[in-house]
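Asks: Dumping the structure here so I can ask a few things about it.
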Amino acid sequence: LEGDYAENSTTLAIVLGKRKTKFLSSVLVFSVIIIIALWQYFQYQILSLKSFSWNGEIYESVLIWGTDKYSTIYTTFLQFSLLLFVLRLFYAKTKTDFYYLSQFNKVIILLGICSIPIFTYFYLK
């Protein structure tokens, strides 16, 4: 907060306060966790599907981008990373804690961006 005040910034932490900003951040991260959980449910449904029928034809395998076992493991890892982020956010009090969360958040974002070429690689493989 000291840096925001020094720069005369209007950030959420200044406008709402540290406690409300932590709560809002937690709600936003939990929203992402729920969206990823819905995607994981879809992945599981596709992985467990052995065959399906469409217009009278039976298809033996289903290949949809991001639904292979590697993508499922990757999204599970992202899910646990987000849960760890929220847990650390809940206990964050010092400037060092928030610096760590900022760096950890950047790693999570990078992992999310890297999922696109990884999912595509296994889809095209």
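Asks: Would you confirm, using the coordinates I've provided, whether LEU84 is within 19 Å of the chain's Cα centre (by Cα), buried (at least 16 other Cβ atoms within 10 Å of the Cβ), modelled with pLDDT of 90 or more and farther than 16 Å from GLN40 by Cβ?
Replies: The answer is no for LEU84.
Asks: Only one of ILE58, ILE64 is hydrophobic (A, V, I, L, M, F, W, C) and surrounded by fewer than 10 Cβ atoms within 10 Å (Cβ to Cβ); which?
Replies: On inspection, the qualifying residue turns out to be ILE58.
Asks: Would you pick out the residues in region 101-123 that are over 18 Å from THR76 (Cβ atoms) and either at pLDDT 90 or above or among the acidic types (Asp, Glu) (or both)?
Replies: LEU101, SER102, GLN103, ASN105, LYS106, PRO117
Asks: Is it fair to say TYR123 is more than 21 Å from SER25 (Cα to Cα), in a helix (DSSP H, G or I), touching a residue at least 60 places away in the same chain (Cβ under 8 Å) and not charged (D, E, K, R)?
Replies: Answer is yes for this residue.
Asks: Let me spell it out: the conditions are (1) outside any helix (DSSP H, G or I); (2) under 13 Å from GLN40 (Cβ atoms), and LYS93 meets all of them except one. Which number is the exception?
Replies: Evaluating LYS93 over (1) outside any helix (DSSP H, G or I); (2) under 13 Å from GLN40 (Cβ atoms) leaves (2) as the failure.
The values are calculated or read from the model by the stated rules, or taken from the named source; none is laboratory data. Nothing here was measured: the structure is a model prediction, and the numbers come from that model. Because the Cβ atoms are built from the backbone with ideal geometry, glycine has one as well, and the counts that use them run over all protein chains shown.
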